[in-house]
Structure formats: C-alpha cells, structure tokens
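Visitor: Below: one structure in structure tokens.
The values are calculated or read from the model by the stated rules, or taken from the named source; none is laboratory data. This is a predicted model, so every value here is computed, not measured. Please note: Cβ atoms are built from the backbone with ideal geometry, for glycine as well, and neighbour counts cover all protein chains shown. Each accessible area value is taken on the protein alone, full model and side chains, heavy atoms only, with ligands, DNA and RNA left out. Shrake-Rupley method; radii C 1.70, N 1.55, O 1.52, S 1.80 Å.
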Amino acid sequence: AAQLRRRNYVGVAATGARVASDALTPRMLAILASAAAQRGSLEEALAHLQQMSAPVEGAKSPLAPTVGVQILALAAKENRVPVAAEELQRLCVRLDDKQFQDLLMAEGRRCSA
C-alpha cells in the first residue's frame, strides 16, 4: 500500500509477483489491479480482478470507485468495455457519478474526433 501511495506502480507489481497467488487477499489483489490500471495494463488489471471472489451481499467492494473508472477508461480505449464492466459488476464496484459522466464525455469526444 505504501508503494501505491508513493505511485511506485512497478514496485507494487514486483512485490505482488513475490507473493504466492494463494496468499493474496482481496485487498492485495485490489492494490495490484489499481497499480496495473495506473500503468495502463488492462489485461493485468482484469486478471487480478478475476482472481478476486465476489463480496458477500451487503459488503463493500475492495476495489475503489476511482480504480473502477480507470479500468473502464482503459477498456474503452481497447474496445473491451463489456469484459471490464462484467468484472466490475461481479465485484459490486460502485462508480462515482461525476467520474463516470466525465469518462462518458471524454470517450464521446474521442470517438467523434
């Protein structure tokens, strides 16, 4: 988490690679997905999301809304929104309305340009 706060996304990935996959907690996977999204690696971010189990009903998703928007933005650039949206929905990620609207407007401008 400290590496993520310092924006050392490569360091986060390197640390995560040293941990056995069965030892990764949902919070650790969320951190790894966030770092992957920050580095622009949609495939890696999705792989981390797919390793996460869905939260029990009523529980908060371990993935922050801002990370969800970042993953959707990457997916939009790679024309993979359905795959990303399915994972985000499975994990009950709540997106911030303002950030989601900004993403839609940015993608609309990008597509019309």
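Visitor: State to the nearest 20 debye the size of the charge dipole of the chain about its Cα centre, where the only charges are +1 on K and R beta carbons and -1 on D and E beta carbons. List each step's numbers first, then the result.
Guide: Numbers: 14 positive and 11 negative charges, 91 e Å.
Value, rounded to 20: 440 debye.
Visitor: Using only the Cα atoms of the stretch 74-113, construct the convex hull and provide its projected area averaged over every direction, in square nanometres to one decimal.
Guide: Details: hull surface 11.5 nm².
If I average the Cα hull's projected area over directions, I get 2.9 nm².
Visitor: In deg cm²/dmol and to the nearest 500, what is the mean residue ellipticity at 222 nm of the chain if only DSSP H runs of at least 4 residues count, each as -39500 (n - 2.57), divided by the residue total? Present the calculation step by step, with values, prior to reporting the outcome.
Guide: On the way: 7 runs with 76 residues, N = 113.
Value at 222 nm, helices only, nearest 500: -20500 deg cm²/dmol.
Visitor: Determine the per residue accessible area of the stretch 42-94 with all protein chains present and a 1.4 angstrom probe, expressed in square angstrom. Spell out each step's value before the answer.
Guide: Details: 2960 Å² over 53 residues.
Solvent-accessible surface per residue comes out at 56 Å².
Visitor: Now, a different point. Order Lys60, Lys77, most accessible first, counting only protein heavy atoms with a 1.4 angstrom probe. Walk me through the intermediate numbers first.
Guide: On the way: Lys60 180, Lys77 130 Å².
The ranking, largest first, comes out as Lys60, Lys77.
Visitor: Give the angle, between 0 and 90 degrees and rounded to the nearest 10, that separates the Cα long axis of helix 65-77 from the longest principal axis of the Cα atoms of the chain.
Guide: Between helix and principal axis, roughly 60 degrees.
Visitor: Now for a separate question. In terms of solvent-accessible area of protein heavy atoms at a 1.4 angstrom probe, what is the ranking of Asp97, Asp22, Asp102, highest value first?
Guide: Values: Asp97 115, Asp22 135, Asp102 65 Å².
Sorted descending by solvent-accessible area, the residues read Asp22, Asp97, Asp102.
Visitor: Still on this structure: Determine one quarter of the surface area of the Cα convex hull of the chain, which equals its mean projected area, and express it in nm² to one decimal.
Guide: Numbers: hull surface 29.3 nm².
So the Cα hull casts an average projection of 7.3 nm².
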